[in-house]
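Single-structure report; data block below.
The values are calculated or read from the model by the stated rules, or taken from the named source; none is laboratory data. Every value quoted in this text rests on a predicted model; they were computed, and no experiment measured them. Cβ coordinates were reconstructed from backbone atoms using ideal geometry, including for glycine residues, and neighbour counts include every protein chain displayed. The area values use the complete protein model at the heavy-atom level, side chains included, leaving out ligands, DNA and RNA. Shrake-Rupley method; radii C 1.70, N 1.55, O 1.52, S 1.80 Å.
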Amino acid sequence: MIVTRFAPSPTGRLHLGHAHSALLGHRRAHEAGGRFLLRIEDIDRTRSRPEFTDGILEDLAWLGVDWDGEVRHQSRHMAEYRQGLARLEAMELLYPCFCTRAQIKAEIERSGAAPHGPEGPLYPGTCRSLDPATRADRIASGESHALRLDMAKARARVDALGWTDRRFGKRMAEPARFGDVVLGRKETPASYHLAVTLDDALQGVTLVTRGEDLLAATDVHRLLQALFELPTPDYEHHALIVDAEGRRLAKREGAPTLASLRDSGRSPAEVRAMAGFSD
Ligand code: GLU
């Protein structure tokens, strides 16, 4: 059975780009007699707000997008992410990183030749080679740290990482281009990459529909699936909705929210059409 999901972060109101994603996931499930799930990605406690979660539920209901079963709120599942990190730790694939952003920036500037990955300059590996005693001392003294994946070691443990995208066809993941990604923090035992991979498997998602801005991130997700021995879903990374000038209709560029479109008198059918789904 096809299981899809819409997984917004409650850091603002939904806009047309979100509507497109939600409507696509909903359509892909319903045209195949499957299930469409809703997940609130609220692990980032500094940016997520409950009123935005309420807004998401309200906007989807108004738009006519109904979901199956309970809504999954990531913030209520920290124990599962912690368990995932513990598994990687037991495989000796994680290391504590004590670097601040400023230290990483300074180290990159000093080295002169910083390779770039899809998320920016690669972590220069400063903390990768700390000896176990130093690590233990710094952790015991309460120094704040993140948990990074030792990418080279992790990649060496798994075979070729193929996956299929309904739009882009057969792909091969190359997670090494991300370098040693952060998978957990002292305060938050999860990261987007970790939580999304575990949740898609835990929720039995078989087709991940999301914007093509996350196409590269799938390389990291494929690696984590292989390390955790999870099934590989299919993907459909859709084009991003743009305005007449080709600008992306994302909230950061001041595009109208679904709430503002509704308040200005647009009907749900009109907004669905603006998001690329005519009835
Ligand atoms: N929470 C992510 C976002 O709102 C989407 C995650 C995903 O679909 O994988 O951008």
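DSSP beta bridges in the range 125-279, what fraction antiparallel, as a percent rounded to 5?
Values: 8 of 14 bridges.
Of the beta bridges lying entirely in the range 125-279, close to 55 percent run antiparallel.
Measure off, as a whole percent, the carbon and sulfur share of the 1.4 Å-probe accessible area of the range 1-48, all protein chains present.
The nonpolar share, carbon plus sulfur, comes to 46 percent.
Please figure out what share of the DSSP beta bridges in the range 1-130 is antiparallel and state it in percent, rounded to the nearest 5. Could the numbers behind the result be given before it?
On the way: 2 of 8 bridges.
Bridges in the range 1-130 are about 25 percent antiparallel.
Is it possible to state the helix-based mean residue ellipticity at 222 nm for the chain, with each DSSP H run of 4+ residues giving -39500 (n - 2.57), the sum divided by total residues, to the nearest 500 deg cm²/dmol? What is it?
When only DSSP H runs of four or more count, the value is -11500 deg cm²/dmol.
Please quote Rg/Rh for the range 66-169 to two decimal places, taking the Kirkwood radius as Rh and restricting both calculations to Cα atoms.
1.05
How high is the relative contact order of the chain, in percent, counting Cα pairs under 8 Å that sit 6 or more residues apart?
Dividing the mean separation by the residue count of the chain yields 25 percent.
Could you tell me what a quarter of the Cα convex hull surface of the range 121-197 works out to, in nm² with one decimal place?
6.7
Could you work out the per residue convex hull volume over the alpha carbons of the chain, in cubic angstrom?
Dividing the Cα hull volume of the chain by its residue count gives 150 Å³.
Determine, for each peptide in 34-42, 57-65, 85-93, the mean count of other beta carbons within 10 angstrom over its residues, then list the peptides with the highest first.
The peptides rank, most packed first, as 34-42, 57-65, 85-93.
Provide the three semi-axes, in whole Å and in decreasing order, of the ellipsoid equivalent to the range 211-251 as defined by the square roots of 5 times the Cα gyration tensor eigenvalues.
30, 9, 6
For ARG166 and LEU130, what does the FRET efficiency come to when R0 = 35 Å and r is the distance between their Cβ atoms, rounded to the nearest 0.05? Could the numbers behind the result be given before it?
Details: r = 43 Å, r/R0 = 1.24.
Calculated value: 0.20.
Which far-off residues, 5 or more places away or on another chain, put their amide H under 5 Å from the one on VAL242, with H placed in the peptide plane?
Distant-sequence amide H within range of VAL242: LEU249.
So how far, in whole Å, is the C-alpha centre of the range 222-249 from the one of the range 138-206?
First find each Cα centre; the distance between them is then 15 Å.
Given H placed on each backbone N at 1.01 Å, which residues far from HIS15 in sequence or on other chains put an amide H within less than 5 Å of it?
LEU258
What's the ranking of 143-152, 12-21 by average number of surrounding C-beta atoms within 10 Å, highest first?
Per-residue mean Cβ counts within 10 Å order the peptides as 12-21, 143-152.
Along the range 164-179, what does the Karplus equation 6.51 cos²θ - 1.76 cosθ + 1.60 (θ = phi - 60°) give for ³J(HN,Hα), rounded to whole Hz, x for Gly and Pro?
These are the phi-based 3J(HN,Hα) values: 10, 10, 5, 9, 9, x, 6, 10, 10, 7, 10, x, 4, 5, 8, x Hz.
Would you mind computing the Rg to Rh ratio of the range 194-279 from its alpha-carbon coordinates, Kirkwood style for Rh? Can you show the working numbers first?
Values: Rg = 16.6 Å, Rh = 15.3 Å.
With Rh from the inverse mean 1/r over Cα pairs, Rg/Rh is 1.09.
Given H placed on each backbone N at 1.01 Å, which residues far from HIS73 in sequence or on other chains put an amide H within less than 5 Å of it?
ILE40
So how many Lys-Lys pairs in the chain land under 27 Å Cα to Cα, not counting same-chain pairs under 8 apart?
Eligible lysine pairs with Cα atoms under 27 Å apart amount to 4.
Out of every Cα-Cα pair in the range 1-158, what percent are more than 27 Å apart?
Within the range 1-158, distances greater than 27 Å cover 47 percent of Cα pairs.
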